[in-house]
Structures are given as structure tokens and as C-alpha cells.
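Scroll down for the structure; my scribbles are underneath it.
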Amino acid sequence: EAGVAQSPRYKIIEKRQSVAFWCNPISGHATLYWYQQILGQGPKLLIQFQNNGVVDDSQLPKDRFSAERLKGVDSTLKIQPAKLEDSAVYLCASSPGTGEGYTFGSGTRLTVV
Amino acid sequence: GNSVTQMEGPVTLSEEAFLTINCTYTATGYPSLFWYVQYPGEGLQLLLKATKADDKGSNKGFEATYRKETTSFHLEKGSVQVSDSAVYFCALKAGSSYKLIFGSGTRLLVRP
């Protein structure tokens, strides 16, 4: 079974620039998550999709972050404009729809300079 | 609110030593508890889980027991190997939410 695919693996941008991350979940997984992992901290949920609908985006800084999940499959997370404090690893995960059986991708490491 | 507290690292051990990584939680109701492991350059992998009080999760020689009376879920292994060097995260999932709430992680370094 293929895992959760994320790209790019690394990204370096200047502050105030924009950036986008892509995630392809495990086939058939209804639930998709984006987590932010700042260095030295545990991952924190940014947004959760059930199929192509948003279930929880309470921790998403909506003034600069946006996410979409087209056709209930792939997802894109965008930051515009980026701030220094957005430097982190962005993890995508998926699960069959029950909240059990999470599978995480390898993440995208973002550095904002 | 719900939260997880882990012992700070790094934890440095010699091969074959006994490992304990402490984890305590605060949650309403009866959360499910998890340990995830993150090897260098890789994503988070589920190590073990427990869904109710007194359950013991185990995998690859690691084990943890869900203790409701002390709100703890400490990770243990009797004899660590160099290949166990990684960052370990304790996490919980509460109620009907699918969200995982993580501790800050504990880095384990095992020396030959």
C-alpha cells in the first residue's frame, strides 16, 4: 500500500512570499489532516477534511493560511504571506474516516528567512 | 482543555539499558492514548496504543499501560538498541474528535 505522499520535501522562502504544499493521501481514506510541527514541539492540527468538507479549522491562521481538498482526494495547503514564525515541518496525514489508523507523510520542511 | 505532558529529553542510554519515558495527560472523559515514533527524516509512525483504562499497548518490545488513576501512559522497554534512537511522542484522542493532541516529544539516543 502506498503511503501518504507530500511535496516538496524542503522549501526555503523569504518572509512575505507565498508557498504551497501538496498532499496525496492513501487511496480510499476519507479523512485528511494537516499538522504543523515547530522545532522542539509536538505536531498541532491546522485543519481536518472529511472527504472535501472542512471538519475542524479552528487552529488555522485564516488571515494567511488556506487549504483545499479538491474532489475529496489531494489537498493543498497555502501560506500567503509567510512569516518567520511559520518555519516548521508541515505534516499531512490521512485515515479511513473513523479517526483510527492514521498514516503520516514524511512532511515538508519550510524555512522562512 | 486536553493536553499531554512528556518528560524533556534528550534521554541518553547505553545499548541494552532499560527505558522509561514519562507521559501524563489531562482530558475530559476517556481518551485513547498513543505513542508515536519519528525516526530521522521520516514521518510519524504509530508505535502502540491503548483505548481504555488498564489496557496495555505493546509493539517491538515497547509497552505502555493506560493508568486512569494517575492519568499516565509511560513508555517502557526492557533493553534498548541503537536502532531505537528516535523522537517519541505521546498523544491522545478525546471524545468523538479525530484530532490527535501531542506532547512535545522526547529524543532518545542509544549509544553502542
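The values are calculated or read from the model by the stated rules, or taken from the named source; none is laboratory data. Just so it is clear, the structure is predicted and the values come from calculations on it, not from any experiment. In this analysis, Cβ positions are derived from the backbone assuming ideal geometry, glycine residues included, and neighbour counts consider all displayed protein chains.
Some observations on this one:
- Selection within the stretch A:35-54 - buried (at least 16 other Cβ atoms within 10 Å of the Cβ), more than 18 Å from B:GLY41 (Cα to Cα) and either out of contact with any Leu (no Cβ under 9 Å at 6 or more places or on another chain) or at the interface with another protein chain (Cβ under 8 Å from one of its Cβ atoms) (or both): A:LYS44, A:LEU45, A:GLN48
- Top-ranked residue of the stretch B:11-29 - restricted to ones that are surrounded by fewer than 13 Cβ atoms within 10 Å (Cβ to Cβ) and modelled with pLDDT under 95, ranked as farthest from A:VAL89 (Cα to Cα): B:GLY29
- Looking only at the stretch B:40-62, and only at residues there that are over 14 Å from the mean Cα position of the chain (by Cα) and at positive phi, the one that is modelled with the lowest pLDDT: B:GLY41
- One residue alone among A:SER66, A:SER75 is touching a residue at least 24 places away in the same chain (Cβ under 8 Å) and surrounded by 15 or more Cβ atoms within 10 Å (Cβ to Cβ), and that residue is A:SER75.
- Which numbered condition A:LEU32 misses (of (1) within 14 Å of chain B (Cβ to nearest Cβ); (2) in contact with a Lys or Arg (Cβ under 8 Å, 6 or more places away or on another chain); (3) more than 21 Å from B:SER96 (Cβ to Cβ); (4) not hydroxyl-bearing (Ser, Thr, Tyr)): (3)
- Residues being in a strand (DSSP E or B) and within 21 Å of A:GLU14 (Cβ to Cβ) - total across the stretch A:101-113: 5
- Identity of the residue in the stretch B:88-111, under 10 Å from the mean Cα position of the chain (by Cα) and either of a type in the set (Ser, Thr, Tyr) or in a loop (DSSP other than H, G, I, E, B) (or both), that ends up surrounded by the fewest Cβ atoms within 10 Å (Cβ to Cβ): B:THR106
Yes/no matrix, rows are residues, columns are (1) at pLDDT 90 or above; (2) in a strand (DSSP E or B); (3) facing chain B (nearest Cβ under 8 Å):
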| position | (1), (2), (3) |
| --- | --- |
| A:SER58 | yes, no, no |
| A:PRO61 | yes, no, no |
| A:ALA82 | yes, no, no |
| A:TYR90 | yes, yes, no |
| A:GLY99 | no, no, yes |
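- For B:THR24: the one exception among (1) among the β-branched types (Val, Ile, Thr); (2) in contact with a Leu (Cβ under 9 Å, 6 or more places away or on another chain); (3) part of a strand (DSSP E or B): (2)
- Candidates B:LEU44, B:LEU108, filtered to the one that is more than 12 Å from every other protein chain (Cβ to nearest Cβ) and not aromatic (Phe, Trp, Tyr): B:LEU108
- For the stretch B:33-54, a residue qualifies if it is in a strand (DSSP E or B), touching a residue at least 24 places away in the same chain (Cβ under 8 Å) and surrounded by fewer than 19 Cβ atoms within 10 Å (Cβ to Cβ), but none of them does.
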